[in-house]
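Below is one structure, written out as structure tokens; comments come after it.
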Amino acid sequence: MSNSSAPMVIIGSGLAGYNLAKELRKLAPEQPLMMITADDGRNYSKPMLSTGYGKNKTADELALNSAAGMADTLNMTIRTNTRVTAIDPDAHQISLGDEVVEYSKLVLAWGAEAVGPRIDGDAQDLVFSINDLEDYGRFRAAADGKKRVLIMGAGLIGCEFANDMTAGGFECEVVAPCDQVFPTLLPVDAANAVQRGLEGIGVKFHLGPLVNRIERQGDGVVATLSNGDTVTADVVVSAIGLRPRLELAANAGIRVNQGIVADRLLQTSAEDVYTLGDCAEVEGRVLLYVLPLMAAARALAKTMTGTPTEVSYGVMPVTVKTPACPVVVSPAAADAAGRWIVEQEGNDVQAEFRNEAGDLLGYALTGAKVANKVALNKELPAIMP
Amino acid sequence: MKKWQCVVCGWIYDEAEGAPEEGIPPGTAWDDVPDDFICPDCGVGKEDFEMVEI
């Protein structure tokens, strides 16, 4: 039973949660709103975590506003450091331990979590994933005054961190069990250009092996790789992948797949429960970026305030923050048939994915070729028109 | 001519350059950029930009 005088409740205080709240407020200034977040609720930009060292910003300096400030500006109740323990969609209630909160509509905006098996060894406390502002603050404290960083993972986040931490004065070594950096996002020529760019600023790569164990050695660690090599470091960053948080939704009987399953109205399988951001799988797509999140926030705010609006995604290229070799990539759809046509000069790569008819379905640009993105964007089809 | 930076993704709007691919001619002051302008890289609105001190 829906209690329409109960507040709309948003779980999660990241870009998804706060941007949805802002858009809701534009359309419904008096609608009771509540946000519940497991962290301190500070508003911050996750993309900025990847340039923190280069811009010499502490976690406090990256915070755009406190939870109290956001509660005031948005006229909403924000419960920080609070975990939702269960969702009862039929009763329109969530449990915060023993406390029960009723909602009229519920939005799951709790994001994705770092993937990572526990690595064998006794140095778990020197292995950090950096997936939110609090993580970033903890890492900065642990790495203060240190020199060598071992980064596990050579995808987007691993490479951005390698670049940023090198800019911050660290020596970075990257280990990943793949043939190329950005194994899922970039075609090989573009990937190799980025690798060369990063090697040019001093990043060392071990592509192929896994990290088997990490053991304490003095104040730092020694990592043993599956090929027998060892890497010594002062601190370790785990950047091996993100997966949408699913457990609470699954426990509530809400349909999950790779992400929490949603249609183009961002509705889940439970009435009055919606989802957006890194935890959402919208018509089969989990997109861990800001452009789709913003499109979803605007559409969902309209839907929740009485104007059902399907989200659509236009052209949404991804800008990778590796100044050593900048990249803009618009991946082709997973089932797209075509081939890569590559032009390159040194680390400047223009890779175009075209079908037999010559239609552009995706691209990857590095270095100076990034300037060509405007022309290519005009040729691309919308991701979800 | 001033520069304005997106606080979410760092994209810079340079008044001297405008954003022609978004329909904003060079020389357009930030105040004159339409209210429904969104950051081309990340989609946030004008309210999430701040002026960059040179």
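The values are calculated or read from the model by the stated rules, or taken from the named source; none is laboratory data. All values derive from a computational prediction rather than experimental measurement. Note that each Cβ is placed from the backbone with ideal geometry, even for glycine, and that neighbours are counted across all protein chains shown. Only protein heavy atoms, including side chains, enter the accessible area calculation; ligands, DNA and RNA are left aside. Shrake-Rupley method; radii C 1.70, N 1.55, O 1.52, S 1.80 Å.
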ask   = Which condition breaks for A:Gly314 when tested against (1) more than 14 Å from chain B (Cβ to nearest Cβ); (2) within 30 Å of A:Ile11 (Cα to Cα)?
value = (1)
query = Which ones in segment A:283-300 are among the β-branched types (Val, Ile, Thr) and more than 14 Å from A:Gly314 (Cα to Cα)?
reply = A:Val286
query = Which residues, taken from segment A:1-36, are among the polar types (S, T, N, Q) and under 13 Å from A:Met70 (Cα atoms)?
reply = A:Ser13, A:Asn19
inquiry  = Every residue in segment B:24-47 that is surrounded by 11 or more Cβ atoms within 10 Å (Cβ to Cβ), within 9 Å of chain A (Cβ to nearest Cβ) and charged (D, E, K, R), please.
reply    = B:Asp41
key: Top-ranked residue of segment A:1-31 - restricted to ones that are over 26 Å from A:Pro47 (Cβ atoms) and not aliphatic (A, V, I, L, M), ranked as least open to solvent (accessible area, probe 1.4 Å)   = A:Pro7
query = For segment A:322-367, what are the residues that are open to solvent by 50 Å² or more (accessible area, probe 1.4 Å) and within 14 Å of chain B (Cβ to nearest Cβ)?
reply = A:Pro323, A:Pro326
query = So, of the residues in segment A:32-47 that are crowded, with 20+ Cβ neighbours inside 10 Å and closer than 21 Å to A:Asp144 by Cβ, which turns out to be farthest from the other protein chains (Cβ to nearest Cβ)?
reply = A:Arg42
request  = Looking for whichever is at pLDDT below 95 and either within 12 Å of chain A (Cβ to nearest Cβ) or assigned to a strand (DSSP E or B) (or both) here; the options are B:Glu53, B:Glu21. Which one fits?
outcome  = B:Glu21
query = away from chain B (no Cβ under 14 Å), in contact (Cβ under 8 Å) with a residue 12 or more places away in the chain and within 19 Å of A:Pro89 (Cα to Cα), is that true of A:Pro7?
reply = yes
Of residues in segment A:15-29 being farther than 11 Å from A:Met76 by Cβ and facing chain B (nearest Cβ under 10 Å), the one nearest to the chain's Cα centre (by Cα) = A:Leu15
task = Being part of a loop (DSSP other than H, G, I, E, B) and crowded, with 16+ Cβ neighbours inside 10 Å is the filter; apply it to segment A:301-311 and report the residue that is nearest to the other protein chains (Cβ to nearest Cβ).
result = A:Val311
query = Can you name the residue in segment A:248-277 that is charged (D, E, K, R) and touching an Asp or Glu at 6+ places or on another chain (Cβ under 9 Å) and, of all such residues, is farthest from the other protein chains (Cβ to nearest Cβ)?
reply = A:Glu271
request  = Among the candidates A:Gly111, A:Gly116, single out the residue that is under 24 Å from A:Pro47 (Cβ atoms), modelled with pLDDT under 95 and not hydrophobic (A, V, I, L, M, F, W, C).
outcome  = A:Gly116
request  = Examine segment A:286-300 for a residue that is open to solvent by less than 40 Å² (accessible area, probe 1.4 Å), under 25 Å from A:Leu185 (Cβ atoms) and more than 14 Å from chain B (Cβ to nearest Cβ), and state whether such a residue exists.
outcome  = yes
